[in-house]
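> Pasting a structure below so you can have a look.
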Amino acid sequence: MAISSLWIRDFRCFERSRFEPEPSGFTILRGLNGSGKTSVLEAIGWLATGRSIRGATRETLVRRGADRAILRAETVFEDKQDLIEAEIPLARAARTQLNRRTIRRHAEMAVALQVSVFSPADRRLVEGGPVERRDYLDEVLVERSARLEAVTNEVEHVLRQRAALLRQSGGKLDTGILVTLDVWEQRLAAAGTELAVARETLAEELEPLVSESYAHLAGHREHVTFTYRRSWNAELADALRSAREQDVRRQVTTVGPHRDELEIGLGLTSARTHASQGEQRCIALAMRLATHELRLRVASEPPVLLLDDVFSELDPYRSAALVERLPSGQVLLTTAVDPPAAVGAHQVVEVAGSHLLAKVCEQ
């Protein structure tokens, strides 16, 4: 799987740019901080997933003075060529097309483009709040299955509707509120339980892969554990009914998959509270490598790797260990300095003044 050409128009700082990444091997995007290197990876991430890899709002993606951003990529997967196009307007919903056909679900894009993203911000997966780890699991689930994408969308929709109803109640449970709560709670219990089971299964599948990658990166073996904690006991429907009075009073939904936690352990301690920054960084990289490994198990070709300045906080040993762990395929790496010696660059793209200047490297 590879991107053969990428066009960017009115996206972030870029007015119009185009380049052709190396189809197999490293393409280095090099430039000063703020030059737009990460924006190139963000454009690719949007084409693959329909969202910003930095969690940015749509308004910040459109270049100042423009009313929309346009992204286009030609991809090659199993000798099949595809065209992916995305429009990100300010005034209406964004849309993505695959070979001129509108994509409704992100899982449909997997036949043309998949990406694995690594960045220094990944340490939030370990040191951040529960939402970071829930999103990490859901990202894989959505990519894996159109059914699970529909389930996550259902959970988000029902939670919004229940929250609106709780605010509408004004802190009082009357008959009308109770009847409507019953409807939303039945839907949340069904979708929420299915999502929690899928997350638990995925966490069990990921744990040994994360431990193996961590041992390779850290240079010593120490078990990384994943423990998925639900925010309720027994049946979700019963938990929601039990929490009604509290939820009405606080006007929030206090139980459900949006309150669950993926606890990460290193050895016998919590990685979030007891691991060093270096250990947390290695765990986060191991988590990304693990999800990349899962993608490889079901794909005939590796996803495109997007490495956003990942070597800036790694010592030479861990840099070499990460490169050794990466599978063959297309890799795009951003950096403000020369990459580590372990990286064999096939092409270097200088990013400056919102322009891309590519040159092929001799191997």
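The values are calculated or read from the model by the stated rules, or taken from the named source; none is laboratory data. Everything quoted here is computed from the prediction, not taken from an experiment. Quick reminder, even Gly has a Cβ in these numbers, built from the backbone with ideal geometry, and neighbours come from all protein chains shown.
> Are any residues in segment 292-316 over 11 Å from PHE118 (Cα atoms), surrounded by fewer than 22 Cβ atoms within 10 Å (Cβ to Cβ) and in contact with a helix residue (DSSP H, G or I) (Cβ under 9 Å, 6 or more places away or on another chain), and if so, which ones?
Across segment 292-316, the qualifying residues are GLU293, LEU294, ARG295, VAL298, ALA299, PRO302, SER312, GLU313, LEU314, ASP315.
> Let me ask something additional. Looking at segment 267-277, can you tell me whether even one residue there is in contact (Cβ under 8 Å) with a residue 60 or more places away in the chain, over 30 Å from LEU181 (Cα atoms), crowded, with 20+ Cβ neighbours inside 10 Å and among the polar types (S, T, N, Q)?
Among the residues of segment 267-277, not one is in contact (Cβ under 8 Å) with a residue 60 or more places away in the chain, over 30 Å from LEU181 (Cα atoms), crowded, with 20+ Cβ neighbours inside 10 Å and among the polar types (S, T, N, Q), which makes the answer no.
> Does ALA73 meet the test of being among the hydrophobic types (A, V, I, L, M, F, W, C), touching a strand residue (DSSP E or B) at 6+ places or on another chain (Cβ under 7 Å) and buried (at least 16 other Cβ atoms within 10 Å of the Cβ)? Reasoning before the result, please.
Working: among the hydrophobic types (A, V, I, L, M, F, W, C): yes; touching a strand residue (DSSP E or B) at 6+ places or on another chain (Cβ under 7 Å): yes; buried (at least 16 other Cβ atoms within 10 Å of the Cβ): yes.
Judged against the criteria, ALA73 is a match.
> Pick out, from segment 90-195, the helices (runs of 4 or more DSSP H) lying fully within it that include 2 or more residues that are in contact with a Leu (Cβ under 7 Å, 6 or more places away or on another chain). Working first, answer last.
Values: elements: 124-127, 130-144, 146-169.
In segment 90-195, 130-144, 146-169 are the helices (runs of 4 or more DSSP H) which contain 2 or more residues that are in contact with a Leu (Cβ under 7 Å, 6 or more places away or on another chain).
> Another question, if that's okay. Where the second residue is hydrophobic (A, V, I, L, M, F, W, C) and in a loop (DSSP other than H, G, I, E, B) and the first is in contact (Cβ under 8 Å) with a residue 40 or more places away in the chain and on the phi < 0 side of the Ramachandran plot and lies in segment 342-355, which pairs have Cβ atoms under 7 Å and are six or more apart or on separate chains?
Going by the 7 Å Cβ cut-off, the qualifying pairs are ALA345/CYS361; HIS346/CYS361; GLN347/CYS361; VAL348/CYS361.
> Return the pair list, or none, for Cβ contacts closer than 7 Å from residues in segment 15-39 that are over 20 Å from ILE88 (Cβ atoms) to residues that are buried (at least 22 other Cβ atoms within 10 Å of the Cβ) and among the basic types (Lys, Arg), at least 6 apart or on different chains.
Close Cβ pairs (under 7 Å, with a partner that is buried (at least 22 other Cβ atoms within 10 Å of the Cβ) and among the basic types (Lys, Arg)) amount to LEU29/LYS37; GLY31/LYS37.
> Pick from segment 228-263 the residues that are of a type in the set (Asp, Glu) and part of a loop (DSSP other than H, G, I, E, B): which of them is farthest from ALA191 (Cα to Cα)?
First, the residues of segment 228-263 that are of a type in the set (Asp, Glu): 235, 238, 245, 247, 260-261, 263.
Checking the rest, the ones that are also part of a loop (DSSP other than H, G, I, E, B) come to 235, 260.
Numbers: GLU235: 12, ASP260: 14 Å.
For segment 228-263, the residue satisfying everything is ASP260.
> Let me ask you something else. How about segment 49-61: which of its residues are crowded, with 17+ Cβ neighbours inside 10 Å and at pLDDT 90 or above?
Within segment 49-61, LEU61 is the sole residue that qualifies.
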